[in-house]
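**Student:** Handing you a structure now.
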Amino acid sequence: MVEEGSDLPDGFAVAAAHQAAGRGQVGNSWFSDYNTNILLSFFFRPQCQAVNQFVFNQCFALAVRRFVAQYVPDVKIKWPNDIYVNGKKIAGILIEHSIINDKINYSIAGVGVNVNQKEFPAWIPYPTSLYLINNQTFDIKMLTEELIAICREGQCSSSIDYSFIKNEYYKYLYLYQEYAEYEFLDGKRRARIYGIDSYGRLLLEEQNGNQRCCGMKEVRLCEK
């Protein structure tokens, strides 16, 4: 538990060899065998307003995507910030912000990257790893150090170009402008992503032209 007045340095990172109860978005779980994957938690003090907190999320997701793209092709960001390769999940991100007044006091960003995992439990949907894609084992310590450096370099600062980050996020957004089946609270519909609003909500347009704005608990991609 991080205290409100924590004096941890910006960019402080903690790596774990194993997680007994890893958490993901919207109550999902994260699985990892011992000393097989990258398991990291960062402490950041983003220099941005609370209203722009999703920009931090985008910066962090882009940094993780850039790291993975060093080892495999066709790396995408699945909204809001999972990392996908060829339609399979290779990394998950969980970000929590502490807000005071109108500013972000600090952010905790956790990331898990599947590196040398060879098998996954049946309850995990569409997983993959660097090992499964490349058929080779990687040095976990070396890759962890690389990811820490990239995430620190790509953090959200007061001089960040919001338009550039938005365009980069769209550039690598999984299924952007492509029709797919989504499950909404009122049923399933085919729709396409046409944007993300300033709060990080997904903007979808159905085939009949009806537009929707959805938070994480309001929509789910129906993956094949």
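The values are calculated or read from the model by the stated rules, or taken from the named source; none is laboratory data. Here the structure is a predicted model, which means the values were calculated and not measured. Don't worry about glycine lacking a Cβ; one is built from the backbone with ideal geometry, like all the others, and counts go over all protein chains shown. Remember, those area values only see protein heavy atoms, side chains included, never the ligands or the DNA or RNA. Shrake-Rupley method; radii C 1.70, N 1.55, O 1.52, S 1.80 Å.
**Student:** Looking only at segment 43-72, how many residues end up being in contact with a strand residue (DSSP E or B) (Cβ under 8 Å, 6 or more places away or on another chain) and either open to solvent by 10 Å² or more (accessible area, probe 1.4 Å) or not in a strand (DSSP E or B) (or both)? If you could, list the steps in order and put the result at the bottom.
**Tutor:** The initial filter retains those residues of segment 43-72 that are in contact with a strand residue (DSSP E or B) (Cβ under 8 Å, 6 or more places away or on another chain), namely 43-46, 48-50, 53-54, 56-57, 60-62, 64-65, 67-69, 72.
Among the residues that remain, those that are also either open to solvent by 10 Å² or more (accessible area, probe 1.4 Å) or not in a strand (DSSP E or B) (or both) are: 45-46, 48-50, 53-54, 56-57, 60-62, 64-65, 67-69, 72.
Residues that pass the stated criteria total 18.
**Student:** Ok, one more. Identify, please: which residue in segment 13-38 is surrounded by 15 or more Cβ atoms within 10 Å (Cβ to Cβ) and farther than 19 Å from TYR126 by Cα and is, among those, modelled with the lowest pLDDT?
**Tutor:** GLN19
**Student:** Additional query: Take the conditions open to solvent by less than 20 Å² (accessible area, probe 1.4 Å), at pLDDT 95 or above, over 17 Å from the mean Cα position of the chain (by Cα) and over 26 Å from PHE54 (Cβ atoms) and apply them to LEU143. Does it pass?
**Tutor:** On the way: open to solvent by less than 20 Å² (accessible area, probe 1.4 Å): yes; at pLDDT 95 or above: yes; over 17 Å from the mean Cα position of the chain (by Cα): yes; over 26 Å from PHE54 (Cβ atoms): yes.
Spelling it out, LEU143 is indeed open to solvent by less than 20 Å² (accessible area, probe 1.4 Å), at pLDDT 95 or above, over 17 Å from the mean Cα position of the chain (by Cα) and over 26 Å from PHE54 (Cβ atoms).
**Student:** For segment 183-217, how many residues meet the condition of being touching a strand residue (DSSP E or B) at 6+ places or on another chain (Cβ under 7 Å), closer than 22 Å to LEU94 by Cα and surrounded by 15 or more Cβ atoms within 10 Å (Cβ to Cβ)?
**Tutor:** Residues that pass the stated criteria total 7.
**Student:** Go through (1) in a strand (DSSP E or B); (2) in contact with a Lys or Arg (Cβ under 8 Å, 6 or more places away or on another chain); (3) at pLDDT 95 or above; (4) open to solvent by less than 20 Å² (accessible area, probe 1.4 Å) and name the single condition GLY112 misses.
**Tutor:** Answer for GLY112: the failing condition is (2).
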